[in-house]
Amino acid sequence: MQNNRKIIVSVTGASGSVYAERLLERLISSENRPEEIAVIFSDTAKDVWKHERGKEFTAKKPAKIYKNNSFFAPFASGSAHYDTMIICPASMGTTGRIAHGTSDDLIARAADVILKERRKLIIVPREAPYNLIHIRNMETLTLAGAIICPASPSFYSKPESLTEIIDTVVDRILSLAGFETGKRGWMEK
């Protein structure tokens, strides 16, 4: 995969900032890292990140932070050609707003643009259990072309650390986004 890709990583208020942190670390350090990584935090996500990670998020190049209340970000329009959007972790509130076309903030608007342009939208819900509303919203998004990838770690590779457990989810997200992870199979470490 060429490294001239432009992707969006959105972080919402669901618990699981560690997944977003590791995803961004891996994207930034990737041999084929994207040319641009647009990062958007919901207001609640900023608070959750600080609580769970013990610090505020600091962007490292090529990541650039955009305010969630700004519609002047380039990816608020399909003409900007961002090819992938990953919402990690995805709250059920954000998932519902996207499923129902309520583009009332930049995260929902960018997701709407990605879907209308038939580009790749990966939603990583971090919620349990799901109620019927959650399931129907995820169904609606799946029918619209999104990929729902719950933050459900796997244990086939016999992870030995918290980072290795987190990476079972992050590797899956990266693979779905078209990035090489170096993982060869479900039984290999």
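The values are calculated or read from the model by the stated rules, or taken from the named source; none is laboratory data. Fair warning: this is a prediction, and the values are worked out from it, not measured in the lab. Glycine gets a Cβ as well: all are built from the backbone with ideal geometry, and neighbour counts include every protein chain shown. Protein only, heavy atoms only, side chains kept; ligands, DNA and RNA dropped before computing areas. Shrake-Rupley method; radii C 1.70, N 1.55, O 1.52, S 1.80 Å.
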Taking K64 and the conditions (1) in contact with a strand residue (DSSP E or B) (Cβ under 7 Å, 6 or more places away or on another chain); (2) under 20 Å from K6 (Cβ atoms); (3) open to solvent by less than 90 Å² (accessible area, probe 1.4 Å), which numbered condition does it fall short on, given that it satisfies the others? (3)
Going by what's in this entry, would G78 be described as closer than 23 Å to T163 by Cβ and of a type in the set (G, A, S)? no
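Which of the residues belonging to the range 85-107 are farther than 22 Å from E21 by Cβ and surrounded by fewer than 23 Cβ atoms within 10 Å (Cβ to Cβ)?
G96, R97, H100, G101, T102, S103, D104
Give the residue, chosen from I133, I147, I166, that is within 26 Å of I114 (Cβ to Cβ), open to solvent by 80 Å² or more (accessible area, probe 1.4 Å), touching a residue at least 12 places away in the same chain (Cβ under 8 Å) and not basic (K, R). Can you show your working first?
Details: I147 fails: open to solvent by 80 Å² or more (accessible area, probe 1.4 Å); I166 fails: open to solvent by 80 Å² or more (accessible area, probe 1.4 Å).
The match here is I133.
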Please enumerate the residues belonging to the range 85-126 that are free of Cβ contacts under 8 Å to residues at least 40 places away in the same chain and among the basic types (K, R). R97, R109, K116, R118, R119
Quickly run through the range 5-45 and pick out the residues that are of a type outside the set (V, I, T), at pLDDT 95 or above and in a helix (DSSP H, G or I). S17, Y19, A20, E21, R22, L23, L24, E25, R26, L27, A45
Condition met for E164 (part of a loop (DSSP other than H, G, I, E, B) and not hydroxyl-bearing (S, T, Y)): no
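Okay, residues lined up against (1) of a type in the set (F, W, Y); (2) under 16 Å from the mean Cα position of the chain (by Cα):
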| site | (1), (2) |
| --- | --- |
| F71 | yes, no |
| F75 | yes, yes |
| I87 | no, yes |
| G96 | no, yes |
| D112 | no, yes |
| K116 | no, no |
| K120 | no, yes |
| R126 | no, yes |
| I165 | no, no |
Are there any pairs, at least 6 apart or on different chains, whose C-beta atoms fall under 6 Å, with the first in the range 59-84 and in contact (Cβ under 8 Å) with a residue 60 or more places away in the chain and the second β-branched (V, I, T), and if so, which? F75/I8; Y82/I8; T84/I7
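Return yes when E56 is open to solvent by 30 Å² or more (accessible area, probe 1.4 Å) and either under 16 Å from the mean Cα position of the chain (by Cα) or within 26 Å of T181 (Cβ to Cβ) (or both) and no when it is not.
no
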Can you tell me which residue in the range 1-51 is surrounded by the fewest Cβ atoms within 10 Å (Cβ to Cβ), limited to those that are among the charged types (D, E, K, R), out of contact with any Phe, Trp or Tyr (no Cβ under 9 Å at 6 or more places or on another chain) and under 22 Å from S154 (Cβ atoms)? E25
